[in-house]
Structure formats: C-alpha cells, structure tokens
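For reference, the structure is listed below as structure tokens.
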Amino acid sequence: MTTHFRPSRPLQVWSLSLGCPKNRVDSERLLGSLGVPIAQAAHLGRARLVFINTCGFIAPAVRESVRAVLDAAQHLKRCKNKPLLAVGGCLVGRYGAAELARELPEVDLWLPTADLPRWPALLAQALRLPPPPANPPHAGRLLSTGPSYAWLKIGEGCRHRCAFCTIPSIRGGLKSLPAERIEAEARALLAQGVRELDLVAQDLTSWGLDLGLKEGLPRLLERLAGLEGLAWLRLLYLYPTGVTRDLLRLLREWGAPLLPYLDIPLQHAHPEVLARMGRPFAQDPQRVLDLVREELPQAALRTTFIVGYPGETPAQFAALCRFVEKNRLQHVGVFAYQAEEGTPAAALPDQVPTALREERRAALMEIQADISEELLAAQVGARLPVLVDAPHPEWPGLHQGRVWFQAPEVDGITYVSGPGVAPGAMPECDIVENTAYDLTALA
C-alpha cells in the first residue's frame, strides 16, 4: 500500500525551462497539473522538487542542458534535505532516458518527451503525492511569463522532414491538439488576466491536418479571436507553403485582436541551398513574401536564416544578403549551421568551416541591424499602445514592454515609463527614441 505525502504548505519548486516557448508551456502545464498548490522556491536548496526542462535541438543547446543538470546536481549534493531532481524535455527525447541515466546518475527521474501526457502522474508518484486529476483543469497552468502574455501551444511534433532538423526524431510526427482543448486553455489564461496569446507549434499552418481538417488554422483563429479579454493574438512559426490567401485575408478582414505579425522561417533564399535543405519554395522564396505584402501590406514579418549550410558558396551567400537587403524585414534571426548527428545534412559533402559560418552570420546580422534601425527610426513620433511586461530590473520607474510588432522573448523591446505603466497594462504611448532593435516610449 502506497502512502501519499500531503503537503500542509505549498510544494516548494525550483524550475528551469530551456530552449523554445513550447518547452515553457510543457513546464507550466506540468507544474499546474500536479493537483497541489505550488510555490516557487527562492533557490534550489529550499525546494522539494527541482525540475529542469531541457533542449536538445542543436549541439550548443545539448551542452547547455547538460551543464544545467550538472550544476544543479552539484549544488544539491550540499543540501541537507536533498530535493527530487527531475529532468525532462528534448534532451531526453533525443538520447533516451536509459542512456542519460548511465551518464548522469545524479538525476532521480527522467521524463521522456514520448511520455509527455504522463509527466504529472510520474512526477506525483516520485514525490509521493496523491495521483493528479486525469483531466486537470487548464486554469491550473502555472504561468511564468507575468500578467501580460502567455504562450499557447496548439500541437506537437512536425510533419515536415527538413534535412538539418532533429525535431521529428525527438518529438515525432504532427499531433494537433483538439480545438476544444485549445479554446478551453485560452479562456483559462485570459481569466488569469493575460492580455496577449502567442500561438506556437513546430508549424502552425499544419494544425488540424491530422484531424482531417483543411485550412484548419483560419478556423481555429476565428474560434479564438472573439474571446473576451483578448487584446492581441500573435502567430509564430508559419511554414511558408501554409501561408495562404485565405489566412492572410482573415487577418486583414478580422483585425484586432489578430495581429498582422507573421513569423515565416524561410531558412535561406537561394534555390539550390533550399533544395539541399529539403525546404519548400526552392525555386522562388520571394513568392511567399510577395503574397503577404499583396494581401496584408501592413504586416510585420519575422524570419530566420541558416548560413554556412553544406555546399553554400560565396555566390549563394551573397544572394541571401541581397534578398535581405531587398525585402527589409522587420525581424531576422541568423543561425550558423550546426551539423547534427543523425540528420541527412550532417552527411552532406562540402561542409563549410566553422569560422566561415560564424563570419557569414555576423555579416548578415550587420546588414539586418541597419535595416532594423531604419525601420524603428520611422516609428519615432508615432503614438502606439505598449503592452507592459515587467519592471526594468535595474532602473526604478522604467518598465519593459512591447508594441504590436514585437513578439515576446524573440524580438526587441520597448522601454516605457509614465502614468499608468504597470505589468499587464496597455497604455497609449509616444515613441520618442530608438536603437537598432529597441524603442523608448512615454505614456
């Protein structure tokens, strides 16, 4: 017979979520689904549970995750009452719990990504807590983003097979969450006072295909856009081939709270590189940007590029630079290619030297910095709503927030001060100054 521990006070938890916002959602859902009150421990030594949600997407993320686990384990050795050390996420999905347990015996509980729905039950059992509810209410999700925004994950895995990507092998194929569950979670988040919902998945445009739905994302957006209390609804991670006229026209015609903000990871602009990547629009990546600007000319566009991909020639990199200069995108992320074990790209010939990859990354980022500064300078003198996220950590009276074309955590920020400025507020502000990536505003 199992005796369950019933805490008389909230369960003290120290947690760390590495990698993408999808991981953060997994952590928040887990901690909110244990069926007991949770309190954030000030440091590891005061926790009963130390939970680390890892990233294993690329080699630097793997190293960061392993280092975080080792640092936590080393600290916990000095604790009189050792907390339970639980580790989950993509590191476990990539390498497997059995192999990691041999390499890192300090970890008490491994939580594989394949067992994601069972994480609350596995953790509750390890902590000797009562079994959590089979269908926990979404209102219990333990938010870590403050009162202004929350990530809303609408699916797992990916149906695409890009040659450089480890995600399908870690997270599996596409698994869309049902619309009813997504709406229920959105309502619960808004009931907690959240103003902005940011939809995330490996590819939002694939949502519903595995459920037999065509053009599923526009229908889901219509379902969410009318929810009471929602100020902004933002889309991140749109696969280029899924950006349709119907989707763009819906964003244009519906208006608020649907933001004309599109994150479309193109990864490159040269057709030969895109073909080797196994990416869409291999003949003309310009088409998707032209379509957006035709149907939604006010849109703010974000994308990512990989430089130094195997076989990328100086001429192909120069073509990418010209593409960025021509299109003047609002936000661009640039990554130096990483040869990931087990991916087709890692076996390709003509691997570009590491130093040259980094040189190309710096050069492209310099081009984008100038474009970003010019675009932001054009906003000085405008009056825009600023969604306030948090107080500035060093300057009393100054807060960090965002205007509509700044997504949380991945884009620049707006520094704001003045009457009515507080986390979760959305005052109308005068944009008074800019840098290459940030704005300053006065309420």
Hey, R322 out of contact with any Lys or Arg (no Cβ under 8 Å at 6 or more places or on another chain), open to solvent by 30 Å² or more (accessible area, probe 1.4 Å) and farther than 23 Å from T205 by Cα or not
yes
Given (1) open to solvent by less than 10 Å² (accessible area, probe 1.4 Å); (2) not in a loop (DSSP other than H, G, I, E, B), identify the lone condition not met by L238.
(2)
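Looking at L375, L356, L364, L384, which is the one that is under 30 Å from D430 (Cβ atoms), assigned to a helix (DSSP H, G or I) and either open to solvent by 40 Å² or more (accessible area, probe 1.4 Å) or at pLDDT 95 or above (or both)? Steps first, please.
Details: L356 fails: under 30 Å from D430 (Cβ atoms); L364 fails: under 30 Å from D430 (Cβ atoms); L384 fails: assigned to a helix (DSSP H, G or I).
From the options L375, L356, L364, L384, the qualifying one is L375.
Could you check how many residues of region 126-153 are part of a helix (DSSP H, G or I), modelled with pLDDT of 90 or more and surrounded by 16 or more Cβ atoms within 10 Å (Cβ to Cβ)? Before the answer, list the steps.
If we filter region 126-153 for residues that are part of a helix (DSSP H, G or I), which is where we start, we get 126-127, 138-140.
If we keep only those that are modelled with pLDDT of 90 or more too, we end up with 126-127.
Cutting the leftovers down to surrounded by 16 or more Cβ atoms within 10 Å (Cβ to Cβ) gives us 127.
Number satisfying all stated conditions: 1.
Please count how many residues of region 174-188 are in a loop (DSSP other than H, G, I, E, B) and open to solvent by 30 Å² or more (accessible area, probe 1.4 Å). Before you say what the answer is, go through the steps one by one.
The initial filter retains those residues of region 174-188 that are in a loop (DSSP other than H, G, I, E, B), namely 174, 177-178.
From the residues that got through so far, the ones that are open to solvent by 30 Å² or more (accessible area, probe 1.4 Å) too are 174, 178.
The total comes to 2.
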Can you give me the number of residues within region 73-107 that are open to solvent by 80 Å² or more (accessible area, probe 1.4 Å) and assigned to a loop (DSSP other than H, G, I, E, B)?
6
Cβ pairs under 6 Å, 6+ apart or interchain, first in region 330-345 and closer than 16 Å to D370 by Cβ, second among the charged types (D, E, K, R), ordered by first then second residue, are H331/R302; H331/D411; V334/R361
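Filter region 189-206 for residues that are closer than 19 Å to W232 by Cβ and open to solvent by 10 Å² or more (accessible area, probe 1.4 Å) and give the result. Walk me through it before giving the result.
Going through region 189-206, the residues closer than 19 Å to W232 by Cβ turn out to be 189-201, 204.
Residues satisfying the conditions are L190, A191, Q192, G193, R195.
For (1) assigned by the TED database to the domain that holds V386; (2) open to solvent by 20 Å² or more (accessible area, probe 1.4 Å); (3) on the phi < 0 side of the Ramachandran plot; (4) in a helix (DSSP H, G or I), each residue gets a yes or a no:
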| position | (1), (2), (3), (4) |
| --- | --- |
| L259 | no, no, yes, no |
| L262 | no, no, yes, no |
| P265 | no, yes, yes, no |
| A269 | no, no, yes, no |
| E272 | no, yes, yes, yes |
| D284 | no, yes, yes, no |
| R293 | no, yes, yes, yes |
| R302 | no, yes, yes, no |
| Y309 | no, no, yes, no |
Would you confirm whether or not region 328-338 contains a residue that is over 22 Å from the mean Cα position of the chain (by Cα) and either within 30 Å of I167 (Cα to Cα) or part of a helix (DSSP H, G or I) (or both)?
yes
Return yes when G56 is surrounded by 18 or more Cβ atoms within 10 Å (Cβ to Cβ), under 25 Å from the mean Cα position of the chain (by Cα) and on the phi > 0 side of the Ramachandran plot and no when it is not.
no
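The values are calculated or read from the model by the stated rules, or taken from the named source; none is laboratory data. Keep in mind that this is a model prediction, so the values were computed, not measured. Ideal geometry is used to build each Cβ from the backbone, glycine not excepted, and the neighbour counts take in all protein chains shown. Surface areas here come from the heavy atoms of the whole protein model, side chains and all, with no ligands, DNA or RNA. Shrake-Rupley method; radii C 1.70, N 1.55, O 1.52, S 1.80 Å.
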